[in-house]
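Quick one: this structure, given as structure tokens, is what I'll be asking you about.
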Amino acid sequence: MEAAATTVRAACPHDCPDTCAMRVTVQDGRAIRVQGDPEHPTTHGALCTKVSRYPERTYHPDRVLHPLKRVGPKGSGQFERVSWDEALADIAQRLQAIAARDPQAILPYSYAGTMGLVQGESMAGRFFHRLGASLLDRTICAAAGGEALRQTYGGKVGMHVEFFAESRLIVIWGSNSIASNLHFWTFAQQAKRNGAKLVCIDPRKTETADKCHQHIALLPGTDGALALGLMHELIVHGWLDLDYIARHVEGFDALRERALQWPPERAAQVCGITADEVRGLARDYASIAPAAIRLNYGMQRVRGGGNAARLVALLPCLTGAWRHRAGGLLFSSSGWFPTNPQALQRPDLLTGRQPRTINMSTIGDDLLRPGSPEFGPKIEAVVVYNSNPVAVAPQSPKVTQGFRREDLFTVVLEHFLTDTADHADYVLPATTQLEHLDVHLSYGHTYALLNEPAIAPVGEAKPNTQVFRELAARMGFTEPCFADSDEAIARVAFRGDAVSFDALRTHGWVKLPLPDAPFAEGGFLTPSGKAVACAPGVDLPDHLPNHESAAATPALHARFPLAMISPPARNFLNSTFVNVVSLRAIEGEPLLEIHEQDAAPRGIHSGAMVRVFNERGEYRCRAEVSVRARPGVVNGLGVWWRKFGPDGTNVNEVTHQQLTDLGRAPSFYDCLVEVAAV
């Protein structure tokens with residue numbers, strides 16, 4: 001007789017602002033369906049195409065279900081099955097030998113393969129702190145914009161996403177929301193049906209731009225210039241909320257002087273748009289209220305990304321848009337959540353040691369550095385979890401060269417044999433979200449969520465927490481915190497009473513107790529309580545040209561005249577889901593979008609195989625001559641696993657490791673290339 005189906009509350013773990021509440025249907029111990037929770041106020045029953053196929057990923061025939069030990073050359077993906085005892089014993093012995101020389105020669109490498117507070121950096125953080133390993137500066141996604149908000153607002157805080165439904169003007173700045181922020185888009189569509197105007201600012205004519213009333217296709221890395229041009233118009237026409245500025249903005253006089261140097265003509269010339277587009281957007285922003293900006297991460301992945309994000313974040317402070325709950329800006333809401341990293345990660349286990357910090361965005365260079373007094377010891381071991389650096393880190397020729405070092409000991413916790421796992425000495429099978437407990441914040445809404453395990457671990461997979469518990473025991477770490485259960489960790493993940501674990505267990509989610517209009521009366525999280533244009537220790541923001549641009553590097557631009565951005569393919573999430581056959585079938589193959597004006601002189605037509613190249617390297621892909629690309633800019637859709645590329649490469653073959661102005665982040669979208677037909 002068939003067992004009755006049960007439903008388990010869950011949360012989407014992926015690096016997406018929506019952090020959806022899910023319901024998992026289980027029958028006979030097997031997950032048969034994953035759906036959005038219809039009761040959750042921002043998920044409202046809908047999941048993206050990717051996550052709705054989560055069982056296909058959990059039960060994928062290529063899933064790593066047992067510990068694997070390398071038997072072939074690094075990068076070959078040749079492994080043999082071993083027991084957990086054998087794998088953990090050898091890993092512990094190897095790490096102990098390195099740590100005896102200098103534990104800083106061991107590097108953890110992780111990011112947002114899961115956004116969970118338990119399976120992310122809890123037990124792992126405790127393990128590496130106790131070991132004294134190098135610290136990792138986790139910068140690869142949004143560190144420039146995050147630092148910009150910290151300087152301007154005091155933290156990564158902003159509007160409630162659901163109130164965009166009441167906005168009259170929505171500026172979607174650097175976001176393909178239909179593909180990467182679906183539930184915000186639902187609220188934007190509701191506002192549109194009620195008469196709101198939608199404006200998309202993006203170098204690419206995205207699916208989102210198609211659905212907006214206006215698309216402003218500026219050049220990559222010129223967002224700060226556009227923001228200054230808008231400020232110029234607000235100032236010269238008197239479209240300012242002087243009362244709000246006087247009471248709640250610090251450093252406005254200096255900002256005013258800078259903005260007055262940016263008339264629409266100057267901003268338009270830098271941005272590659274028309275002066276009328278600058279004037280028109282400024283007029284709309286000043287006259288249509290409430291006005292809300294959905295600022296996203298693409299615009300801050302350039303040299304001046306932090307300054308640009310600061311300038312955009314100041315716009316609603318000049319017009320008083322924050323007075324309305326449907327006005328203001330949302331870049332990230334994660335700073336509202338009272339997380340407790342001290343309890344989760346236990347930095348006190350360092351016991352006074354101060355290990356060096358390695359920036360994850362320069363892993364390509366750092367794996368190839370010899371030991372030195374300035375750098376410290378050569379990196380001898382890397383433990384990778386929740387990340388796939390060989391595919392996603394910039395300048396992958398160097399990243400790959402580093403991971404192929406025969407003297408580098410590499411351990412990867414994974415679901416699949418990714419590009420990075422192919423280079424591992426050991427691959428350890430990790431559980432998926434359906435198989436473990438976790439708690440989640442969100443960077444796109446203000447609800448904390450609980451994820452209950454729906455099924456038992458598949459094969460011999462173990463949660464990240466359990467792997468690091470067992471490694472700690474093998475290493476002789478006896479501190480009581482290494483015996484904490486996942487539930488015990490989850491119970492201390494949030495400080496105070498705002499998020500109760502028992503309430504999460506009862507309801508599945510908890511809304512943070514925040515005012516609807518958080519900055520209607522100022523109250524920013526900065527030391528002064530004001531939004532900061534400039535202050536002691538905080539410089540006045542300005543437009544900075546890209547590292548690679550006609551303005552900064554004219555000789556390089558003459559050789560490689562096309563700017564390249566590498567936005568995510570619609571059916572992937574960073575490098576996750578690339579191996580799900582049904583989703584890869586939708587995407588087809590790696591594509592480069594190129595405008596007819598750039599394609600014709602190069603003899604390129606849709607469907608042609610092309611070389612995309614610069615001084616750092618090259619990759620091949622299929623060209624699509626498309627109006628989605630603006631003249632002078634090509635769009636290399638990513639992030640495909642290298643092994644699925646025509647030459648075993650991907651778009652990061654040509655990106656570089658230079659960092660942003662703020663936050664020490666990568667500048668993926670600050671990249672000059674040339675394109676040629678093969």
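The values are calculated or read from the model by the stated rules, or taken from the named source; none is laboratory data. Please read these numbers as outputs of a predicted model, since none were measured by experiment. Heads up, the Cβs are rebuilt from the backbone with ideal geometry, glycines too, and the neighbour counts pull from every protein chain shown. Side chains are part of the model used for accessible areas, which takes the heavy atoms of the whole protein and leaves out ligands, DNA and RNA. Shrake-Rupley method; radii C 1.70, N 1.55, O 1.52, S 1.80 Å.
Name the strands (runs of 3 or more DSSP E) wholly inside segment 56-130 in which the number of residues that are farther than 23 Å from Leu349 by Cα is 1 or more. Break it down stepwise before answering.
Values: elements: 68-70, 79-81, 106-110.
Fully inside segment 56-130 and qualifying: 68-70, 79-81.
Anything in segment 51-80 that is in contact (Cβ under 8 Å) with a residue 24 or more places away in the chain, open to solvent by 10 Å² or more (accessible area, probe 1.4 Å) and either more than 27 Å from Ala424 (Cα to Cα) or of a type in the set (Gly, Ala, Ser) (or both)? List them, or say none.
Result: Arg53, Gly75, Ser76, Gly77.
Looking only at segment 486-521, which residues are open to solvent by less than 20 Å² (accessible area, probe 1.4 Å), in a loop (DSSP other than H, G, I, E, B) and over 18 Å from His160 (Cβ atoms)?
Ala493, Gly508, listed by residue number.
Of (1) assigned to a loop (DSSP other than H, G, I, E, B); (2) over 26 Å from Ala142 (Cα atoms), Ala268 satisfies all except one. Which?
All conditions pass for Ala268, except number (1).
Is there a residue being in contact with a Cys (Cβ under 7 Å, 6 or more places away or on another chain), farther than 18 Å from Ile293 by Cα and either part of a loop (DSSP other than H, G, I, E, B) or open to solvent by less than 30 Å² (accessible area, probe 1.4 Å) (or both) anywhere in segment 225-236? Steps first, please.
Initial filter on segment 225-236 (in contact with a Cys (Cβ under 7 Å, 6 or more places away or on another chain)): 225-226.
With the extra rule that they be farther than 18 Å from Ile293 by Cα, the set shrinks to none.
Within segment 225-236, none of the residues are in contact with a Cys (Cβ under 7 Å, 6 or more places away or on another chain), farther than 18 Å from Ile293 by Cα and either part of a loop (DSSP other than H, G, I, E, B) or open to solvent by less than 30 Å² (accessible area, probe 1.4 Å) (or both).
Same structure again: Please determine whether any residue of segment 548-555 is assigned to a helix (DSSP H, G or I), touching a Leu at 6+ places or on another chain (Cβ under 6 Å) and among the acidic types (Asp, Glu). Full working, then the answer.
Keep residues of segment 548-555 that are assigned to a helix (DSSP H, G or I), which gives 554-555.
Filter once more, keeping what is touching a Leu at 6+ places or on another chain (Cβ under 6 Å): none.
So far as segment 548-555 goes, no, none of its residues is assigned to a helix (DSSP H, G or I), touching a Leu at 6+ places or on another chain (Cβ under 6 Å) and among the acidic types (Asp, Glu).
I need a count of the residues in segment 271-307 that are farther than 20 Å from Leu242 by Cβ, touching a residue at least 24 places away in the same chain (Cβ under 8 Å), open to solvent by 50 Å² or more (accessible area, probe 1.4 Å) and part of a helix (DSSP H, G or I).
Matching residues across segment 271-307 total 1.
Quick check on segment 188-201: of everything there that is open to solvent by less than 20 Å² (accessible area, probe 1.4 Å) and closer than 19 Å to Asp18 by Cβ, which residue is nearest to the chain's Cα centre (by Cα)? Please lay out each step first, then the result.
Initial filter on segment 188-201 (open to solvent by less than 20 Å² (accessible area, probe 1.4 Å)): 188, 191, 196, 198-201.
Keeping just the survivors that are closer than 19 Å to Asp18 by Cβ gives 188, 191, 198, 200.
Working: Ala188: 22, Ala191: 27, Leu198: 24, Cys200: 20 Å.
This residue is Cys200.
Follow-up. Tell me, which residue of segment 1-16 that is more than 17 Å from Gln433 (Cβ to Cβ) and open to solvent by less than 70 Å² (accessible area, probe 1.4 Å) is modelled with the lowest pLDDT?
Filtering first and then ranking leaves Ala3.
Further, regarding this structure: When the residues of segment 358-371 are narrowed to those that are open to solvent by 10 Å² or more (accessible area, probe 1.4 Å) and within 20 Å of the chain's Cα centre (by Cα), which ends up farthest from Ser396 (Cα to Cα)?
Per the stated criteria, the residue is Asn359.
Within segment 147-160, does at least one residue satisfy the condition of being among the β-branched types (Val, Ile, Thr), over 18 Å from Cys20 (Cβ atoms), over 20 Å from the mean Cα position of the chain (by Cα) and open to solvent by less than 30 Å² (accessible area, probe 1.4 Å)? So that I can check it myself, show each step before the final result.
Within segment 147-160, the first condition is being among the β-branched types (Val, Ile, Thr), and the residues that meet it are 152, 157.
Among the residues that remain, those that are also over 18 Å from Cys20 (Cβ atoms) are: 152, 157.
Then keep just the ones that are over 20 Å from the mean Cα position of the chain (by Cα); that gives 152.
Add one more test, that the residue is open to solvent by less than 30 Å² (accessible area, probe 1.4 Å), and what stays is 152.
Among the residues of segment 147-160, at least one is among the β-branched types (Val, Ile, Thr), over 18 Å from Cys20 (Cβ atoms), over 20 Å from the mean Cα position of the chain (by Cα) and open to solvent by less than 30 Å² (accessible area, probe 1.4 Å), which makes the answer yes.
How many residues are open to solvent by less than 60 Å² (accessible area, probe 1.4 Å), closer than 14 Å to Arg9 by Cα and not small (Gly, Ala, Ser) if we restrict to segment 27-46?
Of the residues in that region, 4 qualify.
Working only within segment 614-639, note down all residues that are open to solvent by 40 Å² or more (accessible area, probe 1.4 Å), assigned to a strand (DSSP E or B) and in contact (Cβ under 8 Å) with a residue 40 or more places away in the chain.
Arg620
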